[in-house]
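One structure is given here, and the rest of the page talks about it.
The values are calculated or read from the model by the stated rules, or taken from the named source; none is laboratory data. Since the structure is predicted, the reported quantities are computational estimates derived from the model, not experimental observations. Every residue, glycine among them, receives a Cβ derived from its backbone with ideal geometry; neighbour counts consider all protein chains shown.
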Amino acid sequence: MPALPETHAIAVLTLTVIALFLFTRERIPLETSSLVVLVLLALGFEWFPYQDESGTLHAVDLFSGFGHEALVAVCGLMIVGHALVRTGALEPVGRLLSRTWAHSPQLSLLLTLVLAGLLSAFVNNTPIVVLLLPILISVSIRTGSSASGILMPMGLATLVGGMSTTIGTSTNLLVVSVASDLGLRRFGMFDFFIPAMIAGCFGYLYLWLIAPRLLPERETELTDTSPRIFSAQLKIVADSPAAGKPLSEALELTAGEMKVQRLQRGASILLPLPDVVLLADDLLSVRDTPAQLKEYEQVLGAALFSGDTAVDEEHPLEASDQQLAEIVVVQGSPLDNRTLNASRFSDRYQLVTLALHQAGSTLHTLRKNIGDERLRVGDILLVQGAREQIAELKRSGELLVLDATADLPSTARAPVALLIVALVIGSAALGLLPIAISAMAGALLMLLLGGLAWRDVSNALSSSVILIVVVSLALGMALTRTGATSWLAELYLALTDGLAPAFILSGLILLMALLTNIISNNAAAVIGTPVAISIAHGLGLPPEAFVLAVLFGANMSYATPMAYKTNLLVMNAGGYRFGDFVRIGLPLTLIMWLVLSWLLPALYGF
């Protein structure tokens, strides 16, 4: 076993363990954990400077991640990818898939998986999932089948496809950039496309033929537990306990739950002020669930009317123009990391929120102060509103709306957005421009040509992604400079002593796959890359093979819903549970691990 490293290396390793622990705490925002680790790291090197043969490692050097090429590229690609959603540029793909599902569901599932994977090789997979979710849910509603058999395979297919190019995921960009910073030849966009696609073919076959059969039918809890909202009138009768009393006292009889929208007295409309005295034959306009409306009727001794008709068993409440829909909170959404009250959701969109389903199994219904709950990526709102209002909201592309239609957002700027994305990818693929420059140029073109507004840009940028990238780069720099990565490599080699190089590489892939399902995949990749290079040097083997082992392993975010943000999106949309991801994701991880463990040594000759 290698001797313990020096004090600075031990301190950085300890802080790394603390960081990885903090990244797994759901109650602590990832941004907060990242900033805490970054500040502690900087303070440590400021108070206890570190010197080696390269000079002094200054604390401010740890902030260089904010200007790192990889982060610039990630931000540029987030902006460009967001434009595809806002402009509806991928709408033709959605139309094609929607038509094919009507003819051959089995072949359509395969086509969906392949297209999802290919698109994710060049565009962040979040827009792809956002595009496909409403289409697949619409298909399941029209065919009377459960969406749970197709949503998870689709989401995982985007992760498999995303690992095939340097721009497929932020993880790939980070690994490639860190390896280049450490002296390796920079990987080209398609340098590892072949092994990724060979392994991906095995993964797609599993997702197509086996995974749907392993998934139980799931229904989202929303539609089962949340009744609709109805508009009605409560007519104050002569012997009502509320007659002759101020409106405020009538509200007290309902424990303050009744919300009066207006008060009609004969032909006059009065403001529902607290001091207005209620008289016989006054009509109170209210909106609520049938159960609540009946309770108000009984408590106030009033008569419940819908229009001019008294509500009874023969004449139930009606809401003919009203429609239910689900709204998914996605990254860049106006609702992300905000509350419904703060975003003035009800006033802005003229929709009533009936229930909120959060990641895991937390369900908040109408009576549980939904408006004050902070929303996160993957949360789903069950809303009700006028059909035209929901249709217009869906066409706008501002929010991800799931209902029974396959309507997709589309704007006149869609061709422009597609052309800009093609230029960004083409210039990087041909080596005309580094991806960081081409992505930022693409973001500028989107702004100049009207594909995005500055408000959209701010929505596209994820503070959690930015900070996790920065702190990962800072930890990677500190681990490398203090010799901690070399010590970790020596420890790994000591633990695998006597094994063939192919098995050592295989173990590294498996270790990265384990870490990426527990902690941030970006953190695992940045920390693992210098360790992988040190392991390769210790074995006298091509470091590129071990760098790819880290890259592929860190992309295997299949087995837990929190491993990747798109997993959370499909989790709630499909009504999945944590165990469903383990059941489907674990075999996929094993398939990809075994195929890549054979491919990489074969390709690099050991």
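Some notes on this structure:
- The lone exception for residue 133 - which of (1) touching a Leu at 6+ places or on another chain (Cβ under 9 Å); (2) closer than 25 Å to residue 437 by Cβ it fails: (2)
Let's see how each residue does on (1) outside any loop (DSSP other than H, G, I, E, B); (2) within 27 Å of residue 384 (Cα to Cα); (3) assigned by TED's automatic domain parsing to the domain that holds residue 382; (4) in contact (Cβ under 8 Å) with a residue 60 or more places away in the chain:
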| position | (1), (2), (3), (4) |
| --- | --- |
| 243 | no, no, no, no |
| 249 | yes, no, no, no |
| 256 | no, yes, no, no |
| 262 | yes, yes, no, no |
| 272 | no, yes, no, no |
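- No other residue among 539, 568 is in contact with a Pro (Cβ under 9 Å, 6 or more places away or on another chain), under 28 Å from residue 357 (Cβ atoms) and not assigned by TED's automatic domain parsing to the domain that holds residue 171 apart from 568.
- Residue satisfying condition, being at pLDDT 80 or above, of a type outside the set (Ser, Thr, Tyr) and either under 29 Å from residue 278 (Cβ atoms) or surrounded by fewer than 17 Cβ atoms within 10 Å (Cβ to Cβ) (or both), within set 367, 344: 344
- Per the conditions (1) in a helix (DSSP H, G or I); (2) of a type outside the set (Phe, Trp, Tyr); (3) buried (at least 17 other Cβ atoms within 10 Å of the Cβ); (4) at pLDDT 80 or above, the sole criterion not satisfied by residue 394 is (4).
- Filtering the range 256-273 to residues that are among the hydrophobic types (A, V, I, L, M, F, W, C) and more than 16 Å from residue 302 (Cβ to Cβ) leaves 267, 269, 270, 271, 273.
- Among the conditions (1) modelled with pLDDT of 90 or more; (2) in contact with a Ser or Thr (Cβ under 8 Å, 6 or more places away or on another chain); (3) closer than 18 Å to residue 466 by Cβ, residue 124 misses just one, which is (1).
- Whichever residue in the range 548-592 is surrounded by fewer than 24 Cβ atoms within 10 Å (Cβ to Cβ) and over 22 Å from residue 212 (Cβ atoms) and, among such residues, is farthest from the chain's Cα centre (by Cα): 562
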